[in-house]
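Worksheet: one structure, shown below.
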Amino acid sequence: MLHPKPTFDASQILLVTDERETVSAVADALFTNGEFAGRCVCRNLPQLTLRLESSRTAAVLVDIDRQPQRTLADLEPIIARFPDARFVVLSRERADGLMIEAMQIGARHFLVKQSIPEDLAEVLHRLVPSGPGKRRTGGPMITVLSASGGCGATTLAANIAHEIHLLSGEQTLLVDLDCYYGGVATYLGLEGQYGLSDVLGHSAAIDSDLIQTTAVPFGKGMRVLLSPASTNFRTSGPLASDRLAETIEAISGAAACTVFDAPRLGSAVESILARASRVTLLVLQLCVKDIRVARVMRNAMIESGVEAGRIMMVANRFNKRHSMVNVEDAIAVFGERIERLQNDYKPACVALNFGQPLADAAPRSALRRDIARLAAKIRQDFLLSPELPAAR
């Protein structure tokens, strides 16, 4: 059987191991026809250091089986010294403690040797630039804020991310910043060991490669960076914001478009996200409490430098006959148009219970039509055009 050639240059991949079978497995996975072993294998870390000093290397595969703890300890200063190389740890067994330690010292991936034939090429495709010096370009970002708990912001964020993927055909990233409940994982039926807290606590530089390898795949067109509450509920708490700007910059390069589900973060963090985003969706229900809170949040963002034209008000669970506040009165409060999503309770529950976006669980529902229409408007007005939409 003929294998397609990888787009990365196998001569820029170094392997550290003294196991002949590991060399063979890596060579076969890289389709090098026996040429890999003679040029790209180091028997120990001192040999690796000499090679890194003398030649350009895109990725390094390090076998830690002989002395796992000592190898990781000795590897840490090497990773720090050569930040342009992407390090992948190879191990015979998937041990949680070793995986966590590998992440902490700056490794980009932890790969079980048994999966080298199936997974190595894909891992390297994600980690290694496809051309000299080529890096991912930043993709536009969307922030979804909520004026109250239970107003449906997570439902909107998850479905907007999915609809934009369907419209563009490109990968979207959904980031769950809810450090207390982690609603995205519940909504999409996802589980994962690593997420946002591991990124924020990363000891080395935070970049788009780290985001990509930490995010959990959902279908073929989305990845999800899970909330701290979803990966380790016992230690979840307020979002650590000291490396938030660095993380946002890395996230922007990790996908064609990113959607932040960002409830309960406080004015300062919300403004940081809004300034970095092409558009911020402020979700509320048409009741007095939500309108008052939404007005305060909107004013705070504008005062912090967010352009008013990049804040979109979204009234969820809208029912023209039974709204507590008339939509015209709400528009008068904000001085701008309010996008409306119908109160379509049953399809929303079906999607949640099955862990699916509305496009899969209830594609013909009124709520899905409204969200698809909103996604198309966002894409046209904010993602495709560099200019602000006309005043509304």
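The values are calculated or read from the model by the stated rules, or taken from the named source; none is laboratory data. Because the structure is predicted, anything quoted here is derived from the model rather than measured. Cβ sites come from the backbone with ideal geometry, for glycine too, and all protein chains shown count toward neighbours. Only protein heavy atoms, including side chains, enter the accessible area calculation; ligands, DNA and RNA are left aside. Shrake-Rupley method; radii C 1.70, N 1.55, O 1.52, S 1.80 Å.
Counting only complete DSSP H runs, which helices of the chain cover 30 Å or more along their long axis at the Cα atoms and score a mean Kyte-Doolittle of 1.6 or above? It would help to have the intermediate numbers written out before the result.
Details: long enough: none.
In the chain, no H run is both long and hydrophobic enough.
Computed as a quarter of the hull surface, the mean projected area of the alpha carbon convex hull for region 28-89 stands at 4.5 nm². Report summary: the helix-based calculation at 222 nm, which adds -39500 (n - 2.57) for every DSSP H run with n ≥ 4 and divides by the residues of the chain, gives -12500 deg cm²/dmol.
For region 194-289, the alpha-carbon coordinates run over 44, 31, 25 Å along the three principal axes, in decreasing order.
Given in Å, the Rg to one decimal and the Dmax to the nearest whole number for the Cα atoms of region 245-357 are 15.7, 46. In the full protein context, the chain carries 47 Å² of accessible surface per residue, based on a 1.4 Å probe and ignoring ligands, DNA and RNA.
Each of 71, 193, 143 was scored by the projection of its Cα onto the charge dipole of the chain, and the greatest displacement toward the positive side belongs to 143; charges sit on the C-beta of Lys, Arg, Asp and Glu. Take every pair of alpha-carbon atoms less than 8 Å apart whose residues are at least six positions apart; their mean separation over the length of the chain yields a relative contact order of 15 percent.
Once you reduce region 331-387 and region 51-120 to the center of their Cα atoms, the two points are 43 Å from each other.
Secondary structure note: in the chain, about 5% of the DSSP beta bridges are antiparallel. One entry in (i) 60; (ii) 53; (iii) 46 is percent of Cα pairs over 27 Å apart calculated from the shown coordinates; its label is (ii). Take the Kirkwood radius over Cα pairs of region 73-123, plug it into Stokes-Einstein at 37 °C and 0.692 mPa s, and you get 286 µm²/s for translational diffusion.
Model label points for residue 360 and residue 321, set 7 angstrom from Cα along the Cα-to-Cβ axis, are 3.5 nm apart. Rounded, prolate or oblate: which fits region 301-392, taking a ≥ b ≥ c as square roots of the Cα gyration tensor eigenvalues, rounded meaning a/c under 1.5, else prolate when a/b beats b/c? Oblate is the answer for region 301-392, as a/c is 1.5 or above yet b/c matches or exceeds a/b. A Gaussian network model of the chain, with springs between Cα atoms under 10 Å, assigns the largest mean-square fluctuation among 146, 24, 54 to 54.
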